[in-house]
Amino acid sequence: MIDGILLLVTLFALVLLGVPVAYAFLGAGLLFVVLTLDVPAAPLVAQATTGGADSVPLTAIPLFLLAGALMNAGGITRRLVDFASVLFGRMPGGLGVVNVGTNVFFSGISGSAAAEASAIGKAMIPGMASRGYPRPFSAALTSTASIIGPIIPPSIPLIIYAIAANQEMKALLVAGLLPGLLFALVLAVLVVTLSARRGYPRQERVSLRTALLATRDSLSALMMPAIIVCGVVFGWFTATESAAVAVLYALVLSTVFHRELSWRRLPHIFMDAARSSAVILFIIATAAVLGQVFVRTGFPAALADALDGLSPVMFLLVVNLILLLFGTFMEGNAAIIIFTPLLLPTALALDIDPVHFGIVIVFNLMIGLVTPPVGMSLFITSDIAKVPVLTVARANLPFLAAALVTLVVLTYWPALSLALV
């Protein structure tokens, strides 16, 4: 137990010192192997890292990243913005609601909050600023709305949880749909309320011809998330195979149908997707070393004993508090790998559904993307808006409150996550 606590302290100290999270995993694990375990360090590390990355379902991660990159480069983001403008633009604070709606549509393509914050931020923040919306408000809304991406399928964090928890990937992806839509609805209501109170502008009425053209141009993009979700739900292909289908669809759509993506740009796009994938997969591989050391220290069993006397309600409250705290300074995918094996056994003992528990864990840690000091979405949108991060963080407080309210609903209303499973 003491060794496990010291291992966690060492890990978090390395992260706070600015050591990249993958190297922090590897360094903390290797240190404790050498100092406390009577086993050869090199074979254990080699076997653990190889085993951690040797998983067929993990191939879905680079494929979904590639599909999102292809559709973003092929002008899909612009078409989704135009379509969302037709649907929501006339509401009070119309462009803010358009921002949320675009995140919903784009989330069915990317599965990544960072990808949404970057792609939609570049499209929406300058446009909102030119129409009279404060830049901090625009950046804050975009950063928080990007959380929708890792909840609505396809979701990279949910794929990682499915692997860490040994759960069916199909069930996790389907379970994220209604929670993601609920959060989008809560954000949209808040945007309308704040915009009406602050006097933010409505968008000008568009002609019927413009609306029909925007709808026609967006249909091909909207088909992609529909194909992914329906294909997985109805068993046409597995969740991993759906990622390959998404890449093929995105490639044909961007190069042949819309013809906005030239073949010459493909090597660059493939390379960028490979780099992003390598970062995530390297974290997963090195986290396996830490996981093996944790098991040998007896920390997971001791933690389960410490939480054993709690009721399901109190256990979920404690889990939320722990994850919200660590999510503020830990990378979300890495935190999923660490906390899932620590917390899931107790959740199962309390008859908490593992699929519902996965939604709670992922949503908790995605909130960390919009909280200092390591909130990646905050940094991305503040850079696009040319506004200090702390200014964006202050403007984000109402949206952060909306995320916390949604978290409470998701935590104590499991039927919402399980309705479609």
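The values are calculated or read from the model by the stated rules, or taken from the named source; none is laboratory data. For clarity, every value in this text was computed on a predicted model and none was experimentally measured. Cβ coordinates were reconstructed from backbone atoms using ideal geometry, including for glycine residues, and neighbour counts include every protein chain displayed.
What the table below lists for this structure:
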read-out	value
Total residues in the stretch 64-87, condition within 30 Å of residue 282 (Cα to Cα) and surrounded by fewer than 22 Cβ atoms within 10 Å (Cβ to Cβ)	1
Filter result for residue 320 (crowded, with 23+ Cβ neighbours inside 10 Å and modelled with pLDDT of 90 or more)	no
Selected residue (only one of 187, 182 is assigned to a helix (DSSP H, G or I), surrounded by fewer than 24 Cβ atoms within 10 Å (Cβ to Cβ), at pLDDT 90 or above and in contact with a Leu (Cβ under 9 Å, 6 or more places away or on another chain))	182
Candidates 117, 123, filtered to the one that is touching a Ser or Thr at 6+ places or on another chain (Cβ under 6 Å) and surrounded by fewer than 24 Cβ atoms within 10 Å (Cβ to Cβ)	123
Condition broken by residue 52, with the remaining ones in (1) on the phi > 0 side of the Ramachandran plot; (2) at pLDDT below 75 satisfied	(1)
Flag for residue 395 being of a type in the set (Gly, Ala, Ser), at pLDDT 85 or above and closer than 18 Å to residue 146 by Cβ	yes
Unique match (being out of contact with any Ser or Thr (no Cβ under 8 Å at 6 or more places or on another chain), modelled with pLDDT of 95 or more and in a helix (DSSP H, G or I)) among 326, 357, 339	357
Of all residues in the stretch 226-280 being of a type in the set (Ser, Thr, Tyr) and touching a residue at least 24 places away in the same chain (Cβ under 8 Å), the one that is farthest from residue 77 (Cα to Cα)	238
Flag if residue 302 is among the aliphatic types (A, V, I, L, M) and under 30 Å from residue 243 (Cβ atoms)	no
Options 251, 219; residue that is crowded, with 18+ Cβ neighbours inside 10 Å and of a type outside the set (Gly, Ala, Ser)	251
Search result, residues across the stretch 130-139 that are part of a helix (DSSP H, G or I), modelled with pLDDT of 85 or more and surrounded by fewer than 23 Cβ atoms within 10 Å (Cβ to Cβ)	135, 136
Residue within the stretch 342-353 that is in a helix (DSSP H, G or I), among the small types (Gly, Ala, Ser), surrounded by fewer than 22 Cβ atoms within 10 Å (Cβ to Cβ) and touching a residue at least 24 places away in the same chain (Cβ under 8 Å) present	yes
Yes/no for residue 281 being surrounded by 14 or more Cβ atoms within 10 Å (Cβ to Cβ) and closer than 29 Å to residue 21 by Cβ	yes
Matching entry among 62, 57 (being closer than 30 Å to residue 168 by Cβ, in contact with a Ser or Thr (Cβ under 6 Å, 6 or more places away or on another chain), assigned to a helix (DSSP H, G or I) and at pLDDT below 75)	57
Any hit, the stretch 264-274, residues being out of contact with any Phe, Trp or Tyr (no Cβ under 8 Å at 6 or more places or on another chain), modelled with pLDDT under 80 and closer than 21 Å to residue 114 by Cα	no
All positions within the stretch 8-44 that are modelled with pLDDT under 75 and crowded, with 19+ Cβ neighbours inside 10 Å	15, 21
Enumeration of residues in the stretch 327-341 that are in contact with a Phe, Trp or Tyr (Cβ under 9 Å, 6 or more places away or on another chain) and either charged (D, E, K, R) or surrounded by fewer than 18 Cβ atoms within 10 Å (Cβ to Cβ) (or both)	329, 341
